[in-house]
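Just below is one structure, and these are the notes that go with it.
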Amino acid sequence: MSIIKELEKEVEQKISKAGYKAEKFTFVPSSRPDLGDYQINDAMSLAKKYEENPRSIAEKIVKELEKDTHLTNINIAGPGFINITLSDDFLISSMNKILEDINNNIDHVSPKKIMMDYGGANIAKTLHVGHLRSANIGEAVKRLARLLGHEVISDVHFGDIGRQSGMVISELKEKYPHLPYFDPTYNGNYEEIDFDITPEELGEIYPASSIKAKENEAKMEEVVEITKELEEGNKAYVALWNKIKEVSIKDISAVYKRLNTEFDLLEGESDCYPYIKETMDKIEASGLLEESEGAKIIDVKKETDDSPMPPLVVIKSNGGTLYATRDLATIHSRMKRFDPNEIWYFADNRQALYFEQVFRTSHLTKLIKEDTHLEFCGFGTMTDSSGRPFKTRDGGVMNLKDLIESIKEETLKRINIDMVEETKREETAEMIAISALKYADFLPFRTKDYVFDPVKFTDLEGKTGPYLLYSTVRMKSLIEKVEKEGIKEVSFHKLKGTNDRLLALTILKMPMVLKKSLEVKSLNEIAEYLYKLTSIYNSFYAENKVLTEEDESLKSTWTALTKLTFNINSLLLKTLGIKVPEKM
Ligand code: ARG
């Protein structure tokens with residue numbers, strides 16, 4: 001348990017010693033730092049419950065609190081707000097405990113088994129900006145959930161089948177009609193056909209096909225037919241599609257790697273095929289499946305709905321599966337193979353209604369257990385300064401690789417990395433660029449759209465990834481310098497000045513920030529917290545000359561403070577999936 005949580009428990013006990021029990025106990029950082037560090041707001045609600053004057057309740061509580069040596073300057077403000085200040089001794093011993101083990105500043109959860117579905121790249125298309133946030137946010141939430149004690153299994157859930165595959169195969173047929181895949185008389189081994197395609201070419205195939213299919217009915221019919229045959233196991237198409245999958249997954253995985261995003265399972269929609277029959281049997285057995293114009297649908301409306309809730313189409317009128325069928329079968333497969341307590345999905349806000357339909361269907365047809373929790377974690381769009389989805393200069397969808405490269409270019413305009421060893425410069429520029437991209441993505445609350453301004457977010461000043469990296473690297477180099485010059489020991493002895501104290505108090509808030517972030521599955525609070533902690537540290541750094549300080553115990557404390565801030569920054573940046581360079 002975190003130190004601050006322990007203190008909270010202690011305070012709660014004092015209140016019950018004073019003779020009161022609050023329904024919902026509130027021990028929170030003070031909104032009036034001039035009056036105290038923390039405040040207790042319960043006297044007012046207790047007054048109602050116990051029919052007593054709030055001030056007199058507050059006075060009795062204060063009497064108990066005064067017995068606690070951790071607390072000083074206990075005072076009552078207004079109708080009965082109790083303000084307390086944490087003693088320097090308490091702060092010093094707390095900081096030493098946290099320096100010794102950072103777990104003393106983390107509140108662990110009661111562990112659950114959680115499956116996380118994020119990434120969601122589509123094989124037929126190059127990885128573009130639309131999938132960026134799913135990777136960034138999903139990865140960070142996974143790391144956070146693990147840090148706080150959950151067991152997490154992550155799955156990329158590639159879009160690896162469906163109409164997009166038909167589009168690609170149909171276009172390849174048009175472009176390379178002589179390939180044996182399209183020769184009905186071919187009776188050789190499809191796996192041995194000599195055909196290669198580059199990710200770049202693949203990137204052009206889908207858009208070209210999609211435009212044609214929109215304008216040309218016959219082309220669309222062919223796409224639908226090929227999709228169906230592929231699903232039904234046409235050997236030629238399966239072999240060709242596997243080849244495309246291999247090329248594409250390799251390419252997409254390389255971008256995920258650059259984004260420090262890792263998956264436990266690299267499965268796709270098509271991996272649910274062996275489970276479709278069982279899934280459909282279960283759905284069928286629920287008796288809820290209806291026929292509608294040849295398709296099979298499920299009514300998921302509830303009386304309490306106050307916005308439209310259309311039925312979910314489970315099987316297409318041509319008997320084929322759709323996105324929903326595959327999500328349902330994937331849920332069945334996940335339950336069967338992993339039996340998770342919860343499944344969290346990270347996808348664009350626009351899929352909210354769809355997921356609600358899928359979740360209701362899963363509950364209604366008992367694909368999941370009564371208490372299995374399915375959650376949709378939607379995210380907003382990254383836009384350019386005009387509020388439109390981030391595009392290339394000529395208006396095309398921005399490819400993620402190009403985006404990363406362009407941010408790297410911006411980074412190098414603003415940040416001089418000449419002091420970095422030549423062999424490490426490329427890697428360092430990449431880390432800074434990724435930090436800019438990721439941090440900008442975490443700052444707004446998950447569901448909000450936000451404007452990505454490449455100039456602003458690559459700046460070394462302000463709320464940016466590069467600012468955090470630069471400051472963190474500087475902390476590290478200060479610690480190294482102090483240690484190199486020789487120091488007897490590094491720990492907290494005394495606090496001097498407002499920034500020392502403020503840093504310690506801010507450090508104690510970390511458990512709360514982590515807990516809240518995980519609750520809402522958004523990283524914005526961690527992003528803000530990192531900025532705040534780092535800024536306070538930088539004010540402290542500007543004010544004090546740690547390296548040349550002659551008072552040994554002060555030098556030891558300040559080095560410890562630097563080390564602790566560095567440790568926290570490193571941990572939180574790592575949790576966000578942001579790598580810190582050695583030097584910059
Ligand atoms: N491939 C999908 C898309 O691009 C995202 C997948 C989200 N996850 C899921 N289980 N449906 O829209």
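FYI, it's all coordinate maths here, none of it is from the lab. Owing to the predicted nature of the structure, the values given are computational and were not obtained by experimental measurement. Neighbour counts are summed over all protein chains in view; Cβ atoms, including those assigned to glycine, are modelled from backbone coordinates with ideal geometry.
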Q. What ³J(HN,Hα) values, in whole Hz, does the Karplus curve 6.51 cos²θ - 1.76 cosθ + 1.60 give for the range 432-448 when θ = phi - 60°, with x put for Gly and Pro?
A. 5, 4, 5, 5, 4, 5, 5, 4, 4, 6, 8, 4, x, 4, 2, 7, 7
Q) According to the square roots a ≥ b ≥ c of the eigenvalues of the Cα gyration tensor, what is the shape class of the range 361-508, taking rounded for a/c under 1.5, prolate for a/b larger than b/c otherwise, and oblate for the remainder? A) oblate
Q.
Let me see the P(r) profile for the range 170-214: every Cα-Cα distance counted, bins of 10 Å, each bin given as a percent of all pairs.
A. 23, 48, 25, 4
Q. How high is the relative contact order of the chain, given as a whole-number percent (alpha carbon pairs under 8 Å, six or more residues apart)?
A. 15
Q) Taking Cα atoms of the chain, Rg/Rh with Kirkwood Rh, to two decimals? A) 1.05
Q) So for the chain, taking the charge dipole from beta-carbon charges (+1 Lys/Arg, -1 Asp/Glu), which of Ile82, Gly294, Ser556 sits furthest toward the positive end? A) Ile82
**Q.** Residue-averaged 222 nm ellipticity for the chain, from DSSP H runs of 4+ at -39500 (n - 2.57), nearest 500
**A.** -17000 deg cm²/dmol
Q. Taking the Cα centre of the range 440-584 as origin and charging only Cβ (+1 Lys, Arg; -1 Asp, Glu), how large is the dipole, in debye to the nearest 20?
A. 360
Q | Alpha-carbon centroid distance for the pair the range 506-564 / the range 7-79, whole angstrom | A | 28
Q | q = 0.18, 0.24 Å⁻¹: log10 I(q)/I(0) that the Debye formula gives for the range 461-560, counting C-alpha atoms only | A | -0.92, -1.30
Q | Net dipole in debye of the chain [+1 Lys, Arg Cβ; -1 Asp, Glu Cβ; about Cα centre; nearest 20] | A | 1600
Q: Return the long-range amide H neighbours of Val451 (sequence gap of 5 or more, or a different chain), with a cut-off of under 5 Å between placed amide H atoms.
A: Thr383
Q.
Please list, short to long, the whole-number percent of alpha-carbon pairs of the range 299-338 in consecutive 10 angstrom bins beginning at zero.
A. 26, 35, 33, 6
**Q.** Shape category assigned to the range 190-253 from the gyration tensor of Cα positions, a/c cut at 1.5
**A.** oblate
Q. So how far, in whole Å, is the C-alpha centre of the range 429-468 from the one of the range 157-187?
A. 40
Q. Based on the alpha carbon coordinates of the range 308-433, what radius of gyration and maximum Cα-Cα distance (Dmax) apply, in Å?
A. 21.8, 64
Q) Under the Kirkwood approximation for Rh and a Cα-based Rg, what ratio Rg/Rh is obtained for the range 27-122? A) 1.19
Q) Remind me, what semi-axes does the range 109-241 give for its equivalent ellipsoid, largest first in whole Å, using sqrt of 5 times each Cα gyration tensor eigenvalue? A) 37, 17, 13
Q. Which number do you get for Rg(Cα) / (2.2 N^0.38 Å) in the range 398-453?
A. 1.26
Q) Taking only the alpha carbons of the range 216-347, what extent do you get along each of the three principal axes, in Å, biggest first? A) 47, 43, 29
